[in-house]
Structure formats: structure tokens, C-alpha cells
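The values are calculated or read from the model by the stated rules, or taken from the named source; none is laboratory data. Keep in mind that this is a model prediction, so the values were computed, not measured. Here the Cβ is made from the backbone with ideal geometry for all residues, glycine too, and neighbour counts use every protein chain on show. Each accessible area value is taken on the protein alone, full model and side chains, heavy atoms only, with ligands, DNA and RNA left out. Shrake-Rupley method; radii C 1.70, N 1.55, O 1.52, S 1.80 Å.
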Amino acid sequence: MLPPDGSLEIRCPRCGGRAAFDEPFRFVSARAAAGLPVDEVKRWGGWYVREKYPSLVRWKAPRGPQQYLTTGCDRSSGGYRMWHRGVVRCRACHLVAVHVLRWPGDAYFQWNVRGTRLWALDANHARVLLHYIQSALRDPARYPGYQRSLRKLPAAILAARSRDVVARKIRASLQAAGESAELPA
């Protein structure tokens, strides 16, 4: 699950401010690559790869015959490991640099609740967590795109005795980031 714009919100490694972590490449199909200039895409098996930050990170195909995408947490060999090495863009100090993601430690929105770390991918995810945890019904289906993560929340976070503490922490983080606690319509 990734935010709609495809970037995560992390703490800037230089100033600690709110920054975006972005995958440095866009993987597209042959159909999508057809409209792009030939010098902007590289072929990698069945994929076409577009470099988003060519001055910072150049595409180098992974070793081996396998041409598949893995996630940052998948440490298997072969393929391209997404959400591992990308580009950080800071809103505060304007840093734009290569960054190796250490998730969830890098998450901008994260909270420690009774020894359990709760984190959000971005501000919208934090709002979804806030509303879900406060809800009496707690139906993950009411939050399209977030159902899987909501079903995996630890019991310590969902316990009645934690509800107010979690809600207060999330609300304070959103307010400190200049974000509304209300879900967009």
C-alpha cells in the first residue's frame, strides 16, 4: 500500500523536517512507454524504466536473469528492490538527495503506544488511522486502499484503554504538521 502520489513521508535525514521519499524510477508497460521519447526509457525485460532523477540516480539493471519488482522489506536476491534506495525531498531545508530507506524508523508520522510502534505512510494515512481507531464500528471496508493495513493493527493499539492516547498522539502530530485531522470528502 502506497500513497496515491507514490511517495512516503519521512523525517529528513539532515534537518528532521517533513520530507518525501520517492522511488527514483517509474516502471511502465510497453504501451505506456510508447508515448515517451526513446532516450527517456530503458528496457529491462518486459518493463520499461524511466529515470525520475537522472542527475542523482541512474538506472542499472539488477544482476541475474530475473526481471521482477520486490518491496523494500523483501530481502531475496534477484529483481529490483523497490522502496529501499530512493530520493528524499525535504520541504524544510530543501534537501534533494539519495537516501536508503529504513522503514518504519524513517516514518514522519509515528507514535509509541505502550511499547508498540504505530506508523503512517503519510498524513492521509494518519487521518485514516485516527478515524478508524476512534470509530465504534471499525469497518476497514470504509477506508478504500487502507483495509489491509487496518486489519493488521496490533491489539494493543485497538484496545479501549489505548484509544484516547492513540487519538491524542495522532491528532497532535497532524496539528504539528499543519494538517487537518478530518478525512477528505
Subject >> Yes/no for Ala181 being out of contact with any His (no Cβ under 7 Å at 6 or more places or on another chain) and surrounded by 14 or more Cβ atoms within 10 Å (Cβ to Cβ) >> reply: yes
**OP:** Kindly indicate whether Leu56 is farther than 30 Å from Gln175 by Cβ and modelled with pLDDT of 95 or more.
**Re:** yes
Subject >> Answer from Arg85, Arg58 - the residue that is in contact with a strand residue (DSSP E or B) (Cβ under 9 Å, 6 or more places away or on another chain), closer than 30 Å to Ala30 by Cβ, open to solvent by 60 Å² or more (accessible area, probe 1.4 Å) and in contact (Cβ under 8 Å) with a residue 40 or more places away in the chain >> reply: Arg85
**OP:** Please go through region 106-124 and pick out each residue that is open to solvent by 20 Å² or more (accessible area, probe 1.4 Å) and touching a Lys or Arg at 6+ places or on another chain (Cβ under 9 Å).
**Re:** Asp106, Tyr108, Gln110, Asn112, Arg114
Original post:
Among all residue pairs at least 6 apart or on different chains, which show Cβ distances below 6 Å where the first residue, located in region 162-178, is more than 11 Å from Gln134 (Cβ to Cβ) and touching a residue at least 12 places away in the same chain (Cβ under 8 Å) and the second is in a helix (DSSP H, G or I) and not basic (Lys, Arg)?
Top reply: Leu174/Ala126
**OP:** Those residues that are of a type outside the set (Gly, Ala, Ser) and open to solvent by less than 60 Å² (accessible area, probe 1.4 Å), I need them from region 88-97; list them, please.
**Re:** Val88, Cys90, Cys93, Leu95
